[in-house]
1. So for the pair B:R448, B:K375, with labels modelled 7 Å out along Cα→Cβ, what separation do we get in nm?
2. What FRET efficiency do you get for B:H62 and B:E222 if R0 is 45 Å and r is their Cβ-Cβ distance, rounded to the nearest 0.05?
3. Ignoring everything except DSSP H segments at least 4 long, calculate the 222 nm mean residue ellipticity for chain B; use -39,500 (n - 2.57) per segment, divide by total residues, nearest 500.
4. What FRET efficiency comes out for B:K518 versus A:R17 if R0 is 56 angstrom and r is the Cβ-Cβ distance? Round to the nearest 0.05.
5. Could you quote the convex hull projected area for segment B:290-438, Cα atoms only and averaged over all directions, in nm²?
6. Could you give the semi-axes, largest first, of the ellipsoid that matches segment B:162-210, computed as the square roots of 5 times the alpha carbon gyration tensor eigenvalues and rounded to whole Å?
7. Out of every Cα-Cα pair in segment B:97-167, what percent are more than 18 Å apart?
8. Can you give the angle from 0 to 90° between the axis of helix B:233-247 and the longest principal axis of chain B, with both taken from C-alpha atoms, to the nearest 10?
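Derivation of every value follows stated rules applied to the coordinates shown; laboratory data play no part. Quantities reported herein were computed from a predicted structural model and do not represent experimental measurements. Glycine gets a Cβ as well: all are built from the backbone with ideal geometry, and neighbour counts include every protein chain shown.
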Amino acid sequence: MKIDETELHDRLTAVFREVFADDGLNLRDEMTSQDIVGWDSVTYINLMFGLEQAFGIRFRGNELAELRNIGEVKRVITARISA
Amino acid sequence: MSDSRAQTSSPATSVSSSAEVRRGDALRSQGQYAEAIAVYVEEARRAPTGALCLKLARSYEHIGDFPAAGRWALAVVDAGDDFTIWQAAWGLYHRCASKGAMPAGRSVKLALLSSYTTTQFRPMLLLAAHRVGIQLEMYECAYGQYQQEILDTSSGLYRFAPDMVLLAVHEQDLRLPSFSPAPERDIEAEAARWLRLWETLLNGLKTRIVHHGFVVPSDVPEGHLAARLPGCRYGMVQAVNRRLGGLAADNVSIVDCDRFASWFGKQRWWDPRYWNLAKQAVALDTLPLLARHTVAVLNAGLGLSRKCLVLDLDNTLWGGVIAEDGLAGIRLGSGVDGEAYVAFQEYILTLKSKGVILAVCSKNNRADALLPFEKHPDMRIKLDDIALFVANWEPKPDNVRRMAAELNIGLDSLVFVDDNPVEREAIRQFVPQVDVIPLPEDPSYYVRALSQYLLFETNSLTSEDSQRTEQYRARAQYAELEKQATSLDDFYASLKMEAVITPFTELDLPRIAQLIGKTNQFNLTTRRYEMAQLEAFVKDPNYVHLALRLRDRFADHGLVAVLIARRDGNVLDIDTWLMSCRVIGRTVEASMLESLCRRAQRLRCMSLQGTYIPTEKNALAADVYEKYGFSLTRNDGGRTTWLYDLERKGAVVNSFIRTEAI
């Protein structure tokens, strides 16, 4: 299964908006936890879980610990979806 | 706000729903919130999913209607167990509550003492508690500090002075080796450790304890051998759970996490990735359900459980409409649906035996509504079981209000069960204090729908439950009897079987036709008859027809055996004789023969004749005639004919089953 860039971006944005309760949140690939209000160790767990549910994927255990910016998140999701 | 798990919607409606929901979404994104709400509300009537409730809550928040927003946020609790949606719903509810838009609820101080990360669990608990009208003020101990907090009486826990202490602990906290050479000692020591923690809390605080039971791990190195080895950790965890259950006094409640983790699936309950990453001992997607179960137990501990089940009749306790279909037309007792309604009634009776009051609220003429209770042989619920019986044509919300008054209990003690979505909606709308259990379309799933309703939880057996205690005692005695019964005769006698044998009645014909159509094993001739032929037998004075219902100390087995015989001069010839496989090996056949002998004597027949026609499946019935004293008169390649000299031998007698022949 493949997912195109725009769809990935939109669905990702929807999950971030849900988890961080911010309807105006817009994502850019270079954004990190520093750029998003409320991104801490707790919301990070919620975010990972939300992404797994929304995309129907499972991250590898070590990926859960390593995702640092939006670009990486997209790369791993794409890899998991097409796996 | 009160009710409705989302699973009731059929796939067909969810497809059209999602189209409507998308229309609502489009309106909402254009800022047309009121219009979006109208679309969403209409959809929520059909299929109130968590996502939809949340959309409604957000739309109401946008237009500044905070009470409505908060109510829909709470409705999420009843509409599914999605972690992310619950998380968002709590955030929204909290915003509405801090604006003073929500009713305060009963305030309870809860100390959450855990051995794993509960940051995610906390909001779930808060939301689930608000749903039942409890406003939790929470204290959380530092990660993994539960023992220190309990043992140090100067800790923050004791200053907080909680009404309730929740011990959110998990299996890895148990101090048990992976294999013990002395399991009993280790189990006892570990149970004693927890007991000491409980006692320290109860001595230092005026509080109740809710303890999360330990989930027996599903990854078991010993494999199936573990079931035989009391010394492996698998067996010891089970033993500690049982021991703690026995030690818990009235002020300690245990959430049976092992049961509900099994229900949920242990592979999902325990996700090693999240444990390794963040010490989450309970996977996030199980947290909403864990919160609901925990709150149900906590609620019972406060004495706030629901007390009364208000039941609809048509298509709820039986299939069909009694006023239209008549006594013989309703589905109850036989067939897939008929069995399902019986199972549902039996489940309801079990609730009654643990103290739930049963009431009936039906749109019917009273005489019609009473008829199945008075006349239908497969009704399990009797009129005596019903505390209040209301059958009239008044609107149900009015009836329900009057019923609460008459029973002298609050509306918030009632739980309403109805197959009709219109009635459910009326109750939700006009008597929102009443909880509504939506029944699925298929009665086979009624029991499950009711079992998933959690607020009948009780904390202890009350005096009214003494009958149930008696039942337990009876069971224990049965186990004893079974141990002591040294011969088969003793065993039969101990069952205290009772049979009722009657000629075929109109009411029984569908079940008889069903047995004739499908019984293969104990079936002497395997002749299949349709309803019309059976009706002809009933009308023909030359036919004797017997139907047997069996009951024992433990169960009512219903109609389980059928016999049809034709009178031919002074011989009574057995045309059809069969028995359901669930009662094979219990001497039922002797009772049938006994009854047939009595009939034959009354008809002045001198002998009984029987035929055995072998099939691939009925070998077990081959020697039944021989066993009861018939003589072989013919053998045509396995097809045998037998004769019983009634005049000389007298009637067959079965002393194991007390039989009433009508």
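1. 3.5 nm
2. Plugging the Cβ-Cβ distance into 1/(1 + (r/R0)^6) gives 0.20.
3. Only helices count here, giving -13500 deg cm²/dmol.
4. E between B:K518 and A:R17, to the nearest 0.05, is 0.45.
5. Computed as one quarter of the Cα hull surface, the answer is 9.3 nm².
6. 26, 12, 5
7. 41 percent
8. 90 degrees
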